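Take a look at the structure set out below.
The values are calculated or read from the model by the stated rules, or taken from the named source; none is laboratory data. None of the values given here were measured: they were computed from a predicted structure. FYI the Cβ positions are ideal-geometry reconstructions off the backbone, even for glycines, and counts take in every protein chain you see. When the accessible area is computed, the model is the full protein with side chains, heavy atoms only, and any ligands, DNA or RNA have been set aside. Shrake-Rupley method; radii C 1.70, N 1.55, O 1.52, S 1.80 Å.
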Amino acid sequence: MATSDECCSVQLIDGDGSFNDTGIESFIKEVKLHECGLSYAVVSIMGPQSSGKSTLLNNLFYTNFREMDAFKGRSQTTKGIWMAKCAGIEPCTIVMDLEGTDGRERGEDDTAFEKQSALFALAVSDIVLINMWCHDIGREQAANKPLLKTVFQVMMRLFSPRKTTLMFVIRDKTRTPLENLEPVLREDIQKIWDSAPKPQAHKETPLSEFFNVEVVALSSYEEKEEQFKEQVANLRQRFNHSIAPGGLAGDRRGVVPASGFSFSAQQIWKVIKENKDLDLPAHKVMVATVRCEEIANEKFTGFTANENWCLLEEAVQSGPVAGFGKKLNSILCTSLSEYDAEATYFDEGVRSAKRKQLEEKLLQLVQPAYLSMLGHLRSGTLEKFKEAFEEALNGGEGFSLAAHNCTESYMALFDERCTDANVELANWDCSKVRDKLRRDIDTHVASVRAAKLLELTSSYEAKLNEALAGPVEALLDGANNETWPSIKKLLQRETVSAVSGLSSALSGFEMDAKDKEKMLTNLQDYARGVVEAKAREEAGRVLIRMKDRFSTLFSHDSDSMPRVWTGKEDIRAITKTARSASLKLLSVMAAIRLDDDVDNIENTLTSALVDTKSNAAVTDKSITTFDPLASSTWEQVPPAKTLITPVQCKSLWRQFRAETEYSVTQAISAQEASRRNNNWMPPPWAIVALVVLGFNEFMTLLRNPLYLGVLFVGYLTVKALWVQLNISGEFQHGVLPGLLSISTKFLPTVMNLLTKLAEQGQSPATNNPQTNVGAAAFKSFQNGSSSSSTSSTASSGVTASGNDIDYSSPPKED
């Protein structure tokens, strides 16, 4: 390819008919033909070999085609087809220099290549210059006539919708005026057209339907160079703005856009080489299809590498992007606008179809990002809904009202954000994502609703459990005739309170009446279940309760003080009372009595277990007599309300009697022991006998006061020994143990008393020694009385108490 400052040229088709696709691509890029759209023109020239075609082009368009060297002789200069850009002509004009006809170099192959090149020139050119000698006009065997026949023949193979301008350039014009030459030339052209074979459809078609014929004449370049250049300069003016209406290339129908020129020319030459008819309208569609597809692929590739798109795609993967729809729509519109700008001159149907395909591909590419954006919006809206819903509930707003307000608010927010994320070109439907969000919100509301209802129910159940369990246990512990009525009143009161509270709490949920009634009924059943469960629990401990009640009543008096068995108590009556109370507890615990049903459990138990006369009567009867407790059910009591069956009651009573028998036995033993301990004084008749029989001795003592003093001292001594030895306490455990204990403590106690007396005797005597001895004895008696509670078993204790006796101090007078 040759280049210069003003123009550049390239061999488009070489002499062997090979299309230079690489060269034309470089040429088009260099001359920037692809930027021209439809604003370009193609001019080609054909004519006999060595007729000055290249010279004419170089002078007319300022090209640099190779010219023949006249000094070397006449020979083929241009081989194949060359192409160059015209310098200084607007719009962009491309000129093709065709190989001359009738050249001896090709020989017999000249006709074939001549037709192919002529057909190619007519297919791609807007203006065809036919270079001819002036002296050939009017001649039958002129060199230009085969060329014209070729042009008209190949024109029949072109199904072109536009007219091609045929400009006959008469070279080396003579003195004959152009006005005289032109009619002759046009007559010759018409004769050639009429004689040219034509399809049946064009038999009568005039030449003017296919060609605009122009005739110009130029002086000889060698003889009149200045005049030649002046005429060429005038002709050049006609090529400026040649595509304007009325210009040389004013018919723009079927023009291939500049960006598709290279491909179009290549495909045209390929069809011509294959000797096929060339349908230019179909070829135009084919070129448009290929080029529009290439442009679309370029724009798609450019879009995938677009920095803004890559940043947007990366950002939307990690979270929602503000203005996502506008940003993405802008990037898409930019790519489509670029496509429109480059493909605007191609066939509209093809262009629109390929644009639609490009748009679909782009939207398919960006749809995952759009779906990710919707996913972020859905999840973000759902999380905000949850927070707002929880805050509304915590603020005391009604559940249904809070759910409705939050749902409407955040669905509207989602719609607003979807509008922001919407891509105008796509017109995608986000209803599925919206429906998914609504389902998620409804599911969350339902789960929170269920949790809140469960929380409410659990709260009231806990309150019922707290309000019923303890009081029921206490009432059952103090079982009496009013136990079950009291439990029933308690149950009704607490149930009504709980049901009322739950009903008020449920008003904010706008529940279905049937569901609400079911919940309230379940709460009532739960309250009853708490009572029944507690009753069954206490029934399992009934034996312990019976023993506790028996122990309480048997071992404590009416003032709840521990009972002391003194021998005056009626153990039989006390035992019967305690056992009757225990049996009462058993009868109360035998069945659940929350309804108004009446039963005879207490009477049955009393007659079967406590009533001795009835028991005796049953014993006297035959073995076939019916036992009221030999059953697993109570009369008038359904099994569901039975806590302790009759058989179990009989077994429990037997075990109860066995385990409480010991307490009764111990009480009887304690009573007998108390009686024995209280019988150490002689009976009254003995005391009367002693007074009657000892009257003389008593009188003797009165007559002699000294005996009375000795007796008094002896009494004090004996009393001291009595107290020190704790004789009454020792004999409480029996006579023999008391004697043994006293015998072991007697001698140490006597020695202790004598030692004290001796110590007191060594001290200074007072005026009344007898009084001192008496005072000492009295003191010893007082000390012995105070220490008798701590020295009842060991002689060392007695000795210790005796050491505290003070014989030196006289007794205080009251």
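Residues considered: Val232, Val213, Val287. Of these, the only one that is under 25 Å from Leu122 (Cα atoms) and at pLDDT below 85 is Val287. Flag: Glu659 matches the condition of being part of a helix (DSSP H, G or I), at pLDDT 80 or above, farther than 30 Å from Gly529 by Cβ and touching a helix residue (DSSP H, G or I) at 6+ places or on another chain (Cβ under 7 Å).
If the condition is being open to solvent by 10 Å² or more (accessible area, probe 1.4 Å) and touching a residue at least 60 places away in the same chain (Cβ under 8 Å), then region 465-480 contributes Asn465, Ala469, Glu473, Asp477, Asn480. Residue pairs whose Cβ atoms lie under 6 Å apart, sitting 6 or more positions apart in sequence or on different chains, and linking a residue in region 494-523 that is under 29 Å from Pro471 (Cα atoms) and in a helix (DSSP H, G or I) to a partner that is open to solvent by 30 Å² or more (accessible area, probe 1.4 Å) and aliphatic (A, V, I, L, M), are Ala505/Leu456.
Of note, Glu105 satisfies the criterion of being surrounded by fewer than 20 Cβ atoms within 10 Å (Cβ to Cβ) and either assigned to a loop (DSSP other than H, G, I, E, B) or at pLDDT below 90 (or both). Only one of the numbered conditions (1) open to solvent by 70 Å² or more (accessible area, probe 1.4 Å); (2) under 29 Å from Gln317 (Cβ atoms); (3) touching a Gly at 6+ places or on another chain (Cβ under 9 Å) is not met by Lys384, and that is (3).
Within region 309-333, the set of residues being in a loop (DSSP other than H, G, I, E, B) and open to solvent by 70 Å² or more (accessible area, probe 1.4 Å) comprises Pro320, Ala322.
Taking the numbered list (1) open to solvent by less than 80 Å² (accessible area, probe 1.4 Å); (2) under 30 Å from Ala670 (Cβ atoms); (3) in contact (Cβ under 8 Å) with a residue 24 or more places away in the chain; (4) out of contact with any strand residue (DSSP E or B) (no Cβ under 9 Å at 6 or more places or on another chain) in turn, Ser555 passes all entries but (4). Flag set for Lys361, criterion: at pLDDT 90 or above and farther than 27 Å from Asp126 by Cβ. Name every residue in region 339-348 that is in contact with a helix residue (DSSP H, G or I) (Cβ under 8 Å, 6 or more places away or on another chain), part of a helix (DSSP H, G or I) and not hydrophobic (A, V, I, L, M, F, W, C), in order of residue number. Scanning region 339-348 gives Tyr339, Asp340, Glu342. State whether the residues of region 281-291 include one that is out of contact with any helix residue (DSSP H, G or I) (no Cβ under 9 Å at 6 or more places or on another chain) and under 18 Å from Val256 (Cα atoms). Yes. Residue pairs whose Cβ atoms lie under 9 Å apart, sitting 6 or more positions apart in sequence or on different chains, and linking a residue in region 559-573 that is in contact (Cβ under 8 Å) with a residue 12 or more places away in the chain to a partner that is open to solvent by 80 Å² or more (accessible area, probe 1.4 Å) and in a loop (DSSP other than H, G, I, E, B), are Thr566/Asn678; Gly567/Asn678.
Based on this model, can you work out whether Leu336 counts as part of a helix (DSSP H, G or I) and buried (at least 21 other Cβ atoms within 10 Å of the Cβ)? Spelling it out, it is not the case that Leu336 is part of a helix (DSSP H, G or I) and buried (at least 21 other Cβ atoms within 10 Å of the Cβ).
Quick one: is Arg593 over 15 Å from Thr645 (Cα atoms) and modelled with pLDDT under 90? So Arg593 fails the test.
Taken over region 264-274, residues that are loosely packed, with under 15 Cβ neighbours inside 10 Å and not in a loop (DSSP other than H, G, I, E, B) amount to 2. Summed over region 398-430, residues that are free of Cβ contacts under 8 Å to residues at least 12 places away in the same chain and over 30 Å from Leu358 (Cβ atoms) total 4. If you go through region 208-224 and keep only what is of a type in the set (Phe, Trp, Tyr) and either open to solvent by 30 Å² or more (accessible area, probe 1.4 Å) or under 60 Å from the mean Cα position of the chain (by Cα) (or both), you end up with just Tyr221.
Please go through region 225-263 and give me each residue that is of a type in the set (A, V, I, L, M) and either in contact with a Ser or Thr (Cβ under 7 Å, 6 or more places away or on another chain) or open to solvent by 20 Å² or more (accessible area, probe 1.4 Å) (or both), ordered by number. Of everything in region 225-263, those that are of a type in the set (A, V, I, L, M) and either in contact with a Ser or Thr (Cβ under 7 Å, 6 or more places away or on another chain) or open to solvent by 20 Å² or more (accessible area, probe 1.4 Å) (or both) turn out to be Ala233, Ile243, Ala244, Leu248, Ala249, Val256.
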